[in-house]
Amino acid sequence: MALFALCRPPSAAGRVKVTSKQLVLYCLLLCLLIYFLRGRKTSVPVGSARPLLHPLGMDGGREVKGRMADAWVPKKQRPMQTSWGAPLVWGDSSNSERRRAEFMQQEIRTGLLVLAVGSYAKFLRRFLSSAEHHFLPGGMVTYYILTDSPRALEPPIKLGPDRQLRVVPVAEMPGWERLSRRRMALLAAAIKDPIGNEVEYVFCADVDQEFMAPVGEEILGDLVATLHPELYGMPRRDFPYESDEISAASVDQDEGDYYYTSELYGGLATEVYHLTRACSLLILQDQEGGVRAVGLEESYLNRYLIDHRPSCVLSPEYSWWDSALATEVPVRRLVSLGRECNAMDPQKRENSHNC
Ligand code: UDP
Ligand code: MN
């Protein structure tokens, strides 16, 4: 009807007569048309079970099998949600602002749990002082340090108000190989007692990292996992899931949404306890069967997160390191110095004071 009205021939006087009702109708139609055209251009599909790809073909990017590694993702095109409706967190988004405001109204204590055994004790001070600046600034935080070198914390690091530090002594053999089998069990035991009784949320982090920019209450959720910066936006076939069917970490071809990093994950203390305990049992099962997943601990974590999809997914801003494969992010909030060293060529690594 409205379209028909538009096509009516001019009146006898040669002038088009338009009633006010028709004018309102035309405006409405025009608005609808503009809305649909804009929506088609900028909408990001969230229905797909696969991760979203970076837009290709941007200037200055390094091409990495199927996506540009450091292609800039315009704010409007960043996915804000996973296919199962969990928030995908970018610190500078309005969603994050809202989440921070919501959580800041509540009196929440959060634990930050790290393991520092053997030579890794050298990372402790840098990790903690950067966390004092950037991890839940102004929030109530307890650091839990599982270490065999409590002396690395002397003299004590000055903590802000409402911030505490607890040392949980461990007598562990250093070395990634052995610790990668023991780490989840150690974390589970510490969360069971004392962490679970003292805080509501807990985050497990690798100690060889540094906070570079604010990591606020936007990261809080029941079960929180972080996207791997080198695999963000890559096709599912490139994810290094465990493929050996004998392993308890094995993932079928048709499973998996994202590839998560083991550098940072967390959530409600009960949820993180279940995660760490389940992973430690899978690791034990494989150890008894004489198998070991390719990605070690990260493989078991990814297996668990397929069976228990996280309720909050952090963008690679919250786990980033400089490498030829890493995606570019708007803000580098938490940076892995250890993985950065691993990605360097031997010469550069030799000269770097971080490695
Ligand atoms: N770790 C440790 N001592 C070691 C090896 C590892 O305390 O000898 C802890 C430390 O918290 C470290 C984490 O285990 O950050 C994981 O090890 P790493 O960072 O070497 O593993 P990657 O990030 O390369 O997988
Ligand atoms: Mn690490």
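Any read-out appearing in this document is the output of simple, stated calculations on the displayed coordinates, not a laboratory observation. These numbers come from a predicted model, not from an experiment. Note that each Cβ is placed from the backbone with ideal geometry, even for glycine, and that neighbours are counted across all protein chains shown.
Which of the peptides 110-118, 140-148 is most tightly packed, and how do the rest follow, judged by the mean count of other Cβ atoms within 10 Å per residue?
Most protected by this proxy first, the peptides run 110-118, 140-148.
Just to verify a number: FRET efficiency for Gln285 and Arg178, C-beta to C-beta distance, R0 = 25 Å, to 0.05? Could the numbers behind the result be given before it?
Details: r = 17 Å, r/R0 = 0.69.
Once the sixth-power term is evaluated, E becomes 0.90.
Just name one of Met184, Tyr201, Leu165: the one whose Cα is farthest towards the positive end of the charge dipole of the range 153-208 (beta-carbon charges, Lys/Arg +1, Asp/Glu -1).
Met184
Output ³J(HN,Hα) for the range 95-107: one whole-Hz value per residue in order, computed from phi by the Karplus curve 6.51 cos²θ - 1.76 cosθ + 1.60 with θ = phi - 60°, and x for Gly and Pro.
Coupling constants for the range 95-107: 4, 5, 4, 5, 5, 4, 4, 4, 6, 5, 6, 9, 8 Hz.
Obtain the nm distance between the two label points defined at Cys355 and Arg151 by a simple spin-label model: each point lies 7 Å from its Cα along the Cα-to-C-beta direction.
2.9
Asn342 to Val294: FRET efficiency via 1/(1 + (r/R0)^6), r the Cβ-Cβ distance, R0 22 Å, to the nearest 0.05?
So the FRET efficiency works out to roughly 0.90.
Quick check for me: using +1 on Lys/Arg Cβ and -1 on Asp/Glu Cβ, what's the dipole size of the range 210-355 about its Cα centre, in debye to the nearest 20? Show your work: numbers first, answer last.
On the way: 11 positive and 26 negative charges, 56 e Å.
Charge dipole, the range 210-355, about its Cα centre: 260 debye, nearest 20.
Which value, to two decimals, describes the C-alpha radius of gyration of the range 106-251 once divided by 2.2 N^0.38 Å? Don't jump to the answer; show the numbers that get you there.
Working: Rg = 16.6 Å, N = 146, 2.2 N^0.38 = 14.6 Å.
Normalised Cα radius of gyration, the range 106-251: 1.13.
Hand me the trypsin sites (Lys or Arg not before Pro) from the range 109-187 located in a DSSP loop with no more than 15 other Cβ atoms within 10 Å, in residue order please.
Filter output for the range 109-187: Lys158.
Roughly how many debye, to the nearest 20, is the charge dipole of the range 137-262 about its Cα centre, given +1 on each Lys and Arg Cβ, -1 on each Asp and Glu Cβ, and no other charges?
Roughly 640 debye for the range 137-262.
Please compute the Cα-Cα pair-distance distribution of the range 219-309 with 5 Å bins starting at 0, giving whole percents from short to long.
Computed distribution, short to long bins: 3, 15, 25, 26, 17, 11, 3, 0.
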